Structures are given as C-alpha cells and as structure tokens.
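Read the structure below first, then the notes.
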Amino acid sequence: MDSYDDNNIFARIIRNEILSNNVYEDEEILAFHDNNPLAPVHILIIPKVAKIIGPSEISRSDASLMGKMVYVATELARKFGIDKTGFRLVMNNGSDAGQTVPHIHLHLLGGGTLSNIA
Ligand code: AMP
C-alpha cells in the first residue's frame, strides 16, 4: 500500500499553502469548488485531519467521518439549489477510476444533465 503524501494538492489546500474557493468548513471537513469543473456545480468535500488516500483505505473507525462527508454534500446540494433537480456523489479510487489526487474526496456534481456514469 502507498503511504500518504503530505504534499499532495489537497493537503496543501488544507494547510492554506494553495488557495481554494471554499464553500464549507468545520473542524473535520473542508469543501471547495473544483478548479476544473465537469458540471455547473462541481464541489469537492474532503476530510481535513484524516490522512486517507482513497476509499480502499477506509476502516470502520472512519465510518462516521465518511457519513458526515455525505451529509455535508447533501447540505451543499440544497445550498446550491440542485437538491430538487438532481445531483451525483462520486468517489474515485485508484488509476482505473482516474483518481488524480491521493487524498480521499467526494465529488458533488449537478446543475445540469450529467453524462453516463462510466
Ligand atoms: P479525482 O480525479 O477524483 O482525483 O479528482 C480530483 C479533482 O481535483 C479533479 O476534479 C481536479 O479538477 C480537482 N483539483 C485538482 N487541483 C485542484 C485545486 N487546486 N483546486 C480545486 N480543485 C482541484
């Protein structure tokens, strides 16, 4: 298993070394606009403290944090007015899924008809 890279882009965003367009933050979670959006609303929800590369590394003790990420995503769907029109939550894991940043993240996508899922 790869070890967590403390210098990945999202770790640097959490440390405020790289600017992000934030839409939500608490002690555990940060959410910000994707800087290369694939839908009219494209927000990333990430854990701030937990050093998890991707979903394949989640353990039982991470379950409530993962649930909170999903909850924050649905709150943001409401905030950005896409809860009624529809949205998609995506977590990529590894190369086949095209994961590019090795810090676990949840994509919130919506605001228009989305293309096929795979
Ligand atoms: P994934 O392909 O699932 O690893 O998604 C990583 C996402 O992070 C992509 O949609 C990128 O556009 C996005 N991204 C990369 N760097 C930044 C950044 N500095 N600010 C905001 N989003 C970023």
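For the stretch 77-90, the set of residues classified as more than 15 Å from the ligand (Cβ to nearest atom) and surrounded by 13 or more Cβ atoms within 10 Å (Cβ to Cβ) consists of A77, K79, F80, I82, D83, G86, F87, listed by residue number. Does any residue of the stretch 10-19 turn out to be within 11 Å of the ligand (Cβ to nearest atom) and surrounded by fewer than 12 Cβ atoms within 10 Å (Cβ to Cβ)? Yes, the stretch 10-19 has at least one match. With the structure loaded, tell me whether S61 is more than 15 Å from the ligand (Cβ to nearest atom) and without any contact (Cβ under 8 Å) to a residue 60 or more places away in the chain or whether it fails that test. The answer is yes for S61. Sub-8 Å Cβ pairs linking a first residue in the stretch 15-42 that is within 25 Å of I117 (Cβ to Cβ) and in contact (Cβ under 8 Å) with a residue 12 or more places away in the chain to a second residue that is within 11 Å of the ligand (Cβ to nearest atom) and β-branched (V, I, T), at least 6 apart or interchain, are V23/I43; I29/I46; A31/I43; A31/I46; F32/I13; F32/I43; H33/I43; D34/I43, ordered by first then second residue.
Summed over the stretch 31-50, residues that are in contact with a helix residue (DSSP H, G or I) (Cβ under 7 Å, 6 or more places away or on another chain), away from the ligand (no atom under 11 Å from the Cβ) and not small (G, A, S) total 3.
Evaluation of I43 against the conditions (1) open to solvent by 20 Å² or more (accessible area, probe 1.4 Å); (2) aliphatic (A, V, I, L, M); (3) within 20 Å of G110 (Cβ to Cβ) shows that the sole unmet condition is (1).
Within the stretch 91-107, the set of residues being touching a residue at least 24 places away in the same chain (Cβ under 8 Å), open to solvent by less than 60 Å² (accessible area, probe 1.4 Å) and among the hydrophobic types (A, V, I, L, M, F, W, C) comprises V101, I104, L106. Among the conditions (1) within 14 Å of the ligand (Cβ to nearest atom); (2) open to solvent by less than 60 Å² (accessible area, probe 1.4 Å); (3) within 26 Å of G112 (Cβ to Cβ), I53 misses just one, which is (3). When the stretch 80-93 is filtered for residues that are over 13 Å from the mean Cα position of the chain (by Cα) and either closer than 12 Å to I43 by Cα or not charged (D, E, K, R) (or both), the ones remaining, listed by number, are F80, G81, I82, T85, G86, F87.
The values are calculated or read from the model by the stated rules, or taken from the named source; none is laboratory data. In this text the structure is predicted, and so the values were computed from the model without any measurement. Note: ideal-geometry Cβ built from the backbone for every residue, glycine included; neighbour counts use all protein chains shown. For the accessible areas, the whole protein counts, side chains as well, though only heavy atoms, and no ligand, DNA or RNA atoms are used. Shrake-Rupley method; radii C 1.70, N 1.55, O 1.52, S 1.80 Å.
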